[in-house]
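Here the structure comes first, spelled out in structure tokens, and everything after it is commentary.
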Amino acid sequence: MQRLWDNIKEKTSGKNTLILGFGREGRSTLRILEKYGGCRSIAISDINEVRTEYESICGKDYQKGLDRFDLIIKSPGIVLEDESIIPKITSQSQLFLEAMRDDVTAITGTKGKSTTATLLYHILKGKYKAALMGNIGIAAFDAAESAEEGSIFVYEMSSHQLEYTTVSPKRAVYINLYPEHLDHYGSFEKYKAAKENIYRYQKEGDILWCEKSLVPSVHRGDAVSVSASGGADIVICGRSIHSPMGDITINANDTVLVGGHNLYNIGIVYDICRRMGIGNDEFKERLKSYKPLPHRLQYVGTVNGARFFDDSISTICETAVQALLSIDNVGTVLIGGMDRGIDYSPLCEYLIKNPPENIILMYDTGKRIYDMINGKAAANIIKVKDLEEAVIRALELTPPGKSCVMSPAAASYGFFKNFEERGEKFCEYLKKYSGGK
């Protein structure tokens, strides 16, 4: 990892350096700067109070006067108030890719990137030295410190981590693109531009795996297109995957991942693994032992003959529709959360044409969807205050032999800390009101 530490020292040498944002990644950055950096000085800026020995700029004015610093190491998700400081901005993602891009397979997409990244890592580590990092919750610098020399880095990258990068990984995966995080970016075009940094700076000999409609018109490397409707390099047809590197059929007992979207993710991982010398038998063996991440169409239990699924990761229309298509015999769906102003027409159109027996709508977006479908969908449409009330009604209404899916199609913020907490509360309420069954 010496290349990375040398790069950090070179980029920070003699500079007055600011860490912008002091969450998990910011704290990781400080630790690495103390160990490997060459900073003239270090300061920390965060909207929350920071207790350190270094200069700290906190509170509502935490972004004022930052132009006095030579280098600003920005944490993901912070919206810059003064774009004139962009030339001074770097990040863990930028510093890591500058030094280690040839050893990185990076994965982005609006949905599915965590599942794809963890699945790829799980299969690769059966044959190679591998490290998982990024948006999955492991800071790049932390992963590098604990990784073995010669490791392959599987880097899950959010749009926030890609936003100001000017280096792309040797192997990039761009799964899909839907309107998301518009409260941060202000427009879909800016969000899309951030995502495209995953391949924008690739070189000849690099590879991009991406959904067929996202194949760039200009690209220096090789693009491998993926589709479930044909006309692509990798085609998912039913449970069969057809790739330039080989064909494989994934039977229901080969994986606990459910739904066509997960077969799509498996198809990408399969092609990558075949290119890295992993055969079909070894791939299937590792796939069978993969345990999905929580809150992603996760089966959480059966109560009075009804099966319950936690899909709290769902924050857009497309994921809720996919959940309803993926789970057999859906009798009840729980939808709703924070209103970010996204268009709910696609989800409403689906619910009107393919209604489950019970549609339980909660929070702000639940009210919007209720007004859009009430009287149009042949279903028992119920408006409730919150998730707790939604679970109570779902337990009452979901008949034996049917499934209940919480797939909110909305952000959790304002009501929960994050989607993980929302999923945990769903399970907690389910246990509480089912008598611990």
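The values are calculated or read from the model by the stated rules, or taken from the named source; none is laboratory data. Since we're looking at a predicted model, the values are computed, not measured. With ideal geometry, Cβ positions are generated from the backbone for all residues, glycine too; neighbour counts draw on all protein chains shown. The area values use the complete protein model at the heavy-atom level, side chains included, leaving out ligands, DNA and RNA. Shrake-Rupley method; radii C 1.70, N 1.55, O 1.52, S 1.80 Å.
Here region 259-323 is assigned +1 on the Cβ of each Lys and Arg and -1 on the Cβ of each Asp and Glu. Its dipole about the Cα centre then comes out at about 140 debye. So what's the angle, to the nearest 10 degrees on a 0 to 90 scale, between helix 419-433 and the longest Cα principal axis of the chain? Approximately 30 degrees, to the nearest 10. Charges were assigned to the Cβ only: +1 to each Lys and Arg, -1 to each Asp and Glu. The resulting dipole of the chain about its Cα centre is roughly 480 debye. Cross-link partners for K15 among the lysines, with Cα-Cα distance under 23 Å and sequence neighbours closer than 8 places in the same chain left out: K35, K64, K74, K88.
Send over a whole-number figure in Å² for the accessible area per residue of region 43-115, probe 1.4 Å.
Working: 3130 Å² over 73 residues.
With the other protein chains kept in place, region 43-115 gives 43 Å² per residue.
Between the Cα long axis of helix 2-12 and the first principal axis of the chain there is an angle of about 70°, rounded to the nearest 10. Per-residue packing, averaged as other Cβ atoms within 10 Å, sorts the ranges 287-293, 89-95, 3-9 into the order 89-95, 3-9, 287-293, beginning with the highest.
For the full complex of protein chains and a 1.4 angstrom probe, list I342, I19 by accessible area with the highest value first.
On the way: I342 20, I19 0 Å².
The most accessible residue leads, giving I342, I19.
Surface analysis of region 212-310 yields an accessible area of 46 Å² per residue, using protein heavy atoms and a 1.4 Å probe.
Cross-link reach is defined here as a Cα-Cα straight distance under 14 Å, omitting same-chain residues fewer than 8 places apart; for K284 the aspartates and glutamates meeting it are D247, D254, D271.
Which option, (i) 22.8, 68; (ii) 22.3, 76; (iii) 23.7, 88, is the value of Rg and Dmax of the Cα atoms in Å that was calculated from these coordinates? Read-out taken from this structure: (i). Within the same chain, lysines fewer than 8 places from K353 are excluded, and of the rest, those with a Cα less than 20 Å from its Cα are K367, K376, K383, K402. Calculated mean residue ellipticity at 222 nm for the chain: -10500 deg cm²/dmol, from DSSP H runs with n ≥ 4 weighted as -39500 (n - 2.57), summed, divided by the residue count and rounded to 500.
Solvent-accessible area of K367, all protein chains in place: 120 Å² (probe radius 1.4 Å, heavy atoms, ligands and nucleic acids excluded). Note that region 390-437 presents 47 Å² accessible area per residue, ligands and nucleic acids not counted, probe 1.4 Å. The label-point distance for T302 and E53, in a model that sets each label 7 Å from Cα toward Cβ, rounds to 6.0 nm.
For region 258-373, the carbon plus sulfur part of the accessible surface works out to 47%, probe radius 1.4 Å. The HN-Hα couplings worked out from phi for region 259-275 by the Karplus form 6.51 cos²θ - 1.76 cosθ + 1.60 (θ = phi - 60°) are x, x, 5, 6, 5, 4, 4, 4, x, 5, 4, 4, 4, 4, 5, 4, 5 Hz, whole numbers, x standing for Gly and Pro.
When only alpha carbons are used to place a centre, region 215-285 and region 124-158 end up 22 Å from one another.
Quick one: pull the percent of accessible area on region 133-174 belonging to carbon and sulfur, 1.4 Å probe, ligands and nucleic acids left out.
On the way: 540 of 1190 Å².
Carbon and sulfur together cover 46 percent of it.
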